[in-house]
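A.B. asks: Sharing a structure here in structure tokens format.
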There are 2 protein chains.
Amino acid sequence: MTTRIVELRQGILKKNDELARVLRDRYTQAGVLVLNLVSSPGSGKTAFLERTLRELTTAGFKAAALVGDLETDNDAKRLAASGAPVRQINTHGTCHLDAEMIARHLDEWTERPLAGLDFLFIENVGNLVCPSSYDLGERVRVALLSVTEGEDKPLKYPTMFNSADAAVITKIDLAIPCEFQRDEAIKNIHEIRPSIEIFETSSKSGAGFEPWLAFLKQERSKR
Amino acid sequence: MTTRIVELRQGILKKNDELARVLRDRYTQAGVLVLNLVSSPGSGKTAFLERTLRELTTAGFKAAALVGDLETDNDAKRLAASGAPVRQINTHGTCHLDAEMIARHLDEWTERPLAGLDFLFIENVGNLVCPSSYDLGERVRVALLSVTEGEDKPLKYPTMFNSADAAVITKIDLAIPCEFQRDEAIKNIHEIRPSIEIFETSSKSGAGFEPWLAFLKQERSKR
């Protein structure tokens with residue numbers, strides 16, 4: 001059975017890669033920068049994205065979000081508070097988003113075509129393992145790690161951090177009560193992914209958002 | 001391809017269930033209570049288990065642990081500090097433990113046969129989705145949720161909480177800085193799994209361990 005599983009898995013991932021390539025072309029033609037946010041459940045993706053959407057909208061950019069969860073539309077409701085257009089994807093048990101789900105929801109999302117958007121953020125299902133294998137056509141994959149989770153997570157979930165283009169440490173306002181070892185966390189991220197850019201942020205206070213937003217604008221300008 | 005995936009997945013889970021049944025008989029014959037600990041990455045499974053092992057050992061029980069991670073033996077090293085026998089399982093990319101891995105590691109673990117053990121704890125890979133489908137033959141599945149993760153996690157990851165026999169809220173020493181809404185979290189757990197027993201704990205201070213240990217001893221006595 002193992003051989004059949006490996007073959008089938010390769011087939012699924014190959015098909016996903018092909019669909020992701022089509023999506024990537026579509027994003028490029030529309031001139032939208034697409035980012036895929038991945039992390040554990042509860043690491044603060046939604047709060048981070050809500051503040052990012054609000055700050056970008058205030059600065060005059062057009063940003064939107066697709067948000068994945070097994071169940072509930074809690075996150076879409078929270079993100080909609082930013083004023084940006086948001087669409088919930090419920091995977092009903094599937095542990096990751098894939099390119100087919102993204103393509104389908106983009107097609108069905110009549111009130112928000114890609115044209116005219118500057119940024120599209122995809123908030124993946126909270127899971128530090130499975131989403132790493134599924135390309136969604138994004139140009140930038142962002143791995144988030146909260147100070148509450150422990151500094152060794154990059155070493156224990158290496159594929160996720162190794163496939164990321166940027167890393168964000170969240171909830172730095174909780175660093176002291178959590179006894180967060182900043183230098184060790186950064187050393188561990190760089191051990192898995194040398195020279196990756198790391199942003200240290202608090203979605204509550206806004207700390208660290210200035211360099212993060214500058215990074216987004218800079219990536220956006222690389223057309 | 002979807003039909004083939006569904007069929008293959010059913011085949012894998014059926015085979016796992018058969019192996020889990022064999023394991024369950026083996027645990028029963030050995031007179032050992034086996035628990036499967038599941039949660040997000042970083043919710044404090046290892047610290048919780050380390051304190052549990054230490055307290056049980058001090059009270060004269062024989063307890064051991066199998067601990068699953070994609071990579072590293074960090075957790076086995078941390079748990080070994082409790083004095084209990086511990087064995088690391090590295091899944092090398094697989095997002096969950098399965099019954100075959102448990103059977104293989106039990107067979108290879110010559111210095112710690114099941115006979116003579118009171119408790120065997122299995123610490124699963126940190127993942128709120130995939131481990132829920134894989135029975136490891138355990139009698140008690142314990143879902144952990146830390147106060148840092150957000151109160152809505154049971155609603156967003158219902159299968160994990162629905163398949164659990166007990167729930168543990170961890171890191172309650174951080175409840176105030178995290179603005180944890182205790183009543184909402186408990187309501188959400190009970191919405192998914194009515195009347196499940198919930199323990200509120202701090203592995204740092206030891207708060208809540210008394211009812212947790214009493215529960216373990218009571219479950220142990222149900223032979």
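A.B. asks: List the strands (runs of 3 or more DSSP E) inside segment A:108-223, counting only whole elements, that have at least 3 residues being aliphatic (A, V, I, L, M) and within 14 Å of chain B (Cβ to nearest Cβ).
C.D. replies: A:140-146
A.B. asks: Go through segment A:149-201 and give me each residue that's aromatic (Phe, Trp, Tyr) and touching a Phe, Trp or Tyr at 6+ places or on another chain (Cβ under 6 Å).
C.D. replies: A:PHE199 - this is the single residue of segment A:149-201 that is aromatic (Phe, Trp, Tyr) and touching a Phe, Trp or Tyr at 6+ places or on another chain (Cβ under 6 Å).
A.B. asks: Is it the case that segment A:130-142 has a residue that's at pLDDT 95 or above, among the acidic types (Asp, Glu) and touching a Gly at 6+ places or on another chain (Cβ under 9 Å)?
C.D. replies: no
A.B. asks: Read through the list (1) assigned to a loop (DSSP other than H, G, I, E, B); (2) more than 14 Å from chain B (Cβ to nearest Cβ); (3) touching a residue at least 60 places away in the same chain (Cβ under 8 Å); (4) not aromatic (Phe, Trp, Tyr), then give the number of the only condition that A:SER43 fails.
C.D. replies: That leaves (2) as the condition not met.
A.B. asks: Test of understanding: among B:ILE5, B:ILE12, which residue is within 13 Å of chain A (Cβ to nearest Cβ) and under 21 Å from B:ASN124 (Cα atoms)?
C.D. replies: B:ILE12
A.B. asks: Still on this model: Check B:ARG87, B:ARG51, B:ARG24 and return the single one that is in contact with an Asp or Glu (Cβ under 9 Å, 6 or more places away or on another chain), assigned to a helix (DSSP H, G or I) and among the basic types (Lys, Arg).
C.D. replies: Just a single option satisfies the conditions, and that option is B:ARG24.
A.B. asks: So B:LEU66 fits all but one of (1) among the aliphatic types (A, V, I, L, M); (2) touching a Phe, Trp or Tyr at 6+ places or on another chain (Cβ under 8 Å); (3) in a helix (DSSP H, G or I); what number is the exception?
C.D. replies: (3)
A.B. asks: Across segment A:160-202, what is the total count of residues that are over 20 Å from B:SER43 (Cβ atoms) and among the polar types (S, T, N, Q)?
C.D. replies: Residues in segment A:160-202 being over 20 Å from B:SER43 (Cβ atoms) and among the polar types (S, T, N, Q): 5 in total.
A.B. asks: Now, a different point. Hey, among the residues in segment A:118-172 that are more than 24 Å from B:ASN124 (Cα to Cα) and of a type in the set (Val, Ile, Thr), which one's farthest from the chain's Cα centre (by Cα)?
C.D. replies: In this case the residue turns out to be A:ILE172.
A.B. asks: Scan segment A:175-203 for residues that are within 16 Å of A:PHE48 (Cβ to Cβ) and either of a type in the set (Asp, Glu) or over 19 Å from the mean Cα position of the chain (by Cα) (or both) and jot them down.
C.D. replies: A:ALA175, A:GLU197, A:GLU200
A.B. asks: With the structure loaded, tell me whether B:LEU216 is under 21 Å from B:GLU50 (Cα atoms), free of Cβ contacts under 8 Å to residues at least 60 places away in the same chain and surrounded by 18 or more Cβ atoms within 10 Å (Cβ to Cβ) or whether it fails that test.
C.D. replies: For B:LEU216, the condition - under 21 Å from B:GLU50 (Cα atoms), free of Cβ contacts under 8 Å to residues at least 60 places away in the same chain and surrounded by 18 or more Cβ atoms within 10 Å (Cβ to Cβ) - is not met.
A.B. asks: While we're looking at this one, here's another question. Can you tell me which residue within segment A:69-84, out of those that are among the hydrophobic types (A, V, I, L, M, F, W, C) and part of a loop (DSSP other than H, G, I, E, B), is surrounded by the fewest Cβ atoms within 10 Å (Cβ to Cβ)?
C.D. replies: My answer is A:ALA81.
The values are calculated or read from the model by the stated rules, or taken from the named source; none is laboratory data. Model, not experiment: these values are computed from the prediction. In this analysis, Cβ positions are derived from the backbone assuming ideal geometry, glycine residues included, and neighbour counts consider all displayed protein chains.
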